[in-house]
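The values are calculated or read from the model by the stated rules, or taken from the named source; none is laboratory data. The shown structure was predicted, so the numbers you read here are calculated from the model rather than taken from an experiment. Cβ atoms come from the backbone with ideal geometry, glycine included; neighbour counts cover every protein chain shown.
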Amino acid sequence: AQSVTQLGSHVSVSEGALVLLRCNYSSSVPPYLFWYVQYPNQGLQLLLKYTSAATLVKGINGFEAEFKKSETSFHLTKPSAHMSDAAEYFCAVTPLNFGNEKLTFGTGTRLTIIP
Amino acid sequence: EAGVAQSPRYKIIEKRQSVAFWCNPISGHATLYWYQQILGQGPKLLIQFQNNGVVDDSQLPKDRFSAERLKGVDSTLKIQPAKLEDSAVYLCASSLDRGGRVEQFFGPGTRLTVL
């Protein structure tokens, strides 16, 4: 079964600093990979997704992620953190085969921005 | 375009009581999902519908949980009887169709507390 591991349940960065949230996947075949953001008392919102096209994926709100097959990683980055980025971030995976689109989520990383 | 609607937003019940959640997906979306998100964990798929048929309910505790999607639009998720470990946020999501590339849109969730 496919899975994702998010290293660090809590990450704190200063406003204006680099944001790096880590995600590693477990799959024999590169899957589809996603990053979702969840603000307090809200549902999940898609930030970006990797679907086997470009390995560097740009998303909303200035976030991007790079798919690295050799490292089985899909880390999320943003060059300069903003107070509004404070939220919980989830990495998720689905297999490539059509008809099996169940999203399997990591345990999440809570991002805190220090003023 | 209206998003995924869910009600109620919050529900508190005693153990062994029953409870029902309602979801109205984005208009025209054929695929509907119910996820359970326990505090500190990522969402876990409970059931997936394609129109009014069940695609995947392998992780639905069928002795106490049931779900239906009449007429392929709205859906209800029921728990009867509830247990303490059912305390969680129940998220509904919908997508235009099936397939790993297709974006899932999430509602705000229903937070269930079982006392």
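At-a-glance table
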item	result
Subset tally (residues that are of a type outside the set (Phe, Trp, Tyr) and either closer than 25 Å to A:Thr112 by Cα or at pLDDT 90 or above (or both)) for region A:27-56	14
Selected residue (only one of B:Val73, B:Val54 is hydrophobic (A, V, I, L, M, F, W, C) and closer than 14 Å to B:Arg98 by Cα)	B:Val54
Region A:57-73, residues that are modelled with pLDDT under 95 and either of a type in the set (Phe, Trp, Tyr) or within 18 Å of B:Pro108 (Cβ to Cβ) (or both)	A:Phe67
Residue in region B:3-23 that is over 14 Å from the mean Cα position of the chain (by Cα), away from chain A (no Cβ under 12 Å), within 21 Å of B:Asp97 (Cβ to Cβ) and at pLDDT below 95 present	no
Residues located in region B:51-71, provided they are in contact with a Lys or Arg (Cβ under 8 Å, 6 or more places away or on another chain) and crowded, with 17+ Cβ neighbours inside 10 Å	B:Val55, B:Asp56, B:Phe65, B:Ala67
Region A:17-34, subset in a strand (DSSP E or B), more than 12 Å from chain B (Cβ to nearest Cβ) and closer than 21 Å to A:Asp85 by Cα, residue farthest from the chain's Cα centre (by Cα)	A:Val19
Residues being out of contact with any strand residue (DSSP E or B) (no Cβ under 9 Å at 6 or more places or on another chain) and under 25 Å from B:Gly40 (Cα atoms) - total across region B:68-115	1
Close pairs from region A:7-23: first on the phi > 0 side of the Ramachandran plot, partner hydroxyl-bearing (Ser, Thr, Tyr) and not in a loop (DSSP other than H, G, I, E, B), Cβ under 7 Å, at least 6 apart	A:Gly8/A:Thr109
Tally, over region B:1-45, of residues that are of a type in the set (A, V, I, L, M), under 13 Å from A:Gly43 (Cα atoms) and not in a loop (DSSP other than H, G, I, E, B)	1
Residue match in region B:15-22 (condition: surrounded by 18 or more Cβ atoms within 10 Å (Cβ to Cβ) and under 26 Å from A:Glu101 (Cβ atoms))	yes
Filter result (under 17 Å from B:Gly53 (Cβ atoms), among the charged types (D, E, K, R) and assigned to a loop (DSSP other than H, G, I, E, B)) within region B:67-115	B:Arg69, B:Asp74, B:Asp97, B:Arg98
